[in-house]
Amino acid sequence: LVSLQSGSGAPDLADIELGKFPNFLKGEPQLVPLNDIVEPELGNLVKARFDIYAKDGNYYGVDYHVGASVIYYNKELLDKAGVNPADIK
């Protein structure tokens, strides 16, 4: 972000932490729109995952990971609470 703000030393390609990406879209984005890469593939991807990288109809980032989620639970505690884990959605 400092390289972009100073106008010197920004890389051609960078991995930007997802939670920090909105900082790069403030004001006039200093990133190159990637619509020519993203738009042809949107039908094959989870479009909502690209929303964080978009501003004013332009995509400035590419999502490359939809992580899996795992949940662990204590069956004994659920039994005591009367909760059937198969009913959890």
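The values are calculated or read from the model by the stated rules, or taken from the named source; none is laboratory data. The model shown is predicted, which means the values in this text are computed figures rather than measured ones. Positions of Cβ are backbone-derived with ideal geometry, glycine not excepted, and every protein chain shown enters the neighbour counts. For the accessible areas, the whole protein counts, side chains as well, though only heavy atoms, and no ligand, DNA or RNA atoms are used. Shrake-Rupley method; radii C 1.70, N 1.55, O 1.52, S 1.80 Å.
Close Cβ contacts (under 8 Å, 6 or more residues apart or on different chains) running from residues in region 14-32 that are closer than 15 Å to residue 2 by Cβ and open to solvent by less than 60 Å² (accessible area, probe 1.4 Å) to residues that are of a type in the set (S, T, N, Q) and part of a loop (DSSP other than H, G, I, E, B) comprise 24/30. Taking the listed residues 64, 73, the one that is hydroxyl-bearing (Ser, Thr, Tyr), closer than 21 Å to residue 25 by Cβ and open to solvent by 50 Å² or more (accessible area, probe 1.4 Å) is 64, with no other qualifying. Taken over region 17-32, the criterion of being modelled with pLDDT of 90 or more and assigned to a loop (DSSP other than H, G, I, E, B) is satisfied by 25, 26, 27, 28, 29, 31, 32.
Would you check which residues across region 51-61 are surrounded by 15 or more Cβ atoms within 10 Å (Cβ to Cβ) and farther than 15 Å from residue 19 by Cα and list them? Give the derivation first.
In the first step, residues of region 51-61 are kept if they are surrounded by 15 or more Cβ atoms within 10 Å (Cβ to Cβ); the result is 52-55, 58-61.
55, 58, 59, listed by residue number.
Within region 51-89, which residues are out of contact with any strand residue (DSSP E or B) (no Cβ under 6 Å at 6 or more places or on another chain) and among the aromatic types (Phe, Trp, Tyr)? Hits for region 51-89 are 59, 60, 64, 72, 73. Filtering region 33-50 to residues that are assigned to a helix (DSSP H, G or I) and either surrounded by 10 or more Cβ atoms within 10 Å (Cβ to Cβ) or in contact with a strand residue (DSSP E or B) (Cβ under 9 Å, 6 or more places away or on another chain) (or both) leaves 35, 37, 38, 39, 41, 42, 47, 49, 50. Across region 76-89, the qualifying residues are those that are assigned to a loop (DSSP other than H, G, I, E, B) and aliphatic (A, V, I, L, M), and the one among them that is least open to solvent (accessible area, probe 1.4 Å) is 83.
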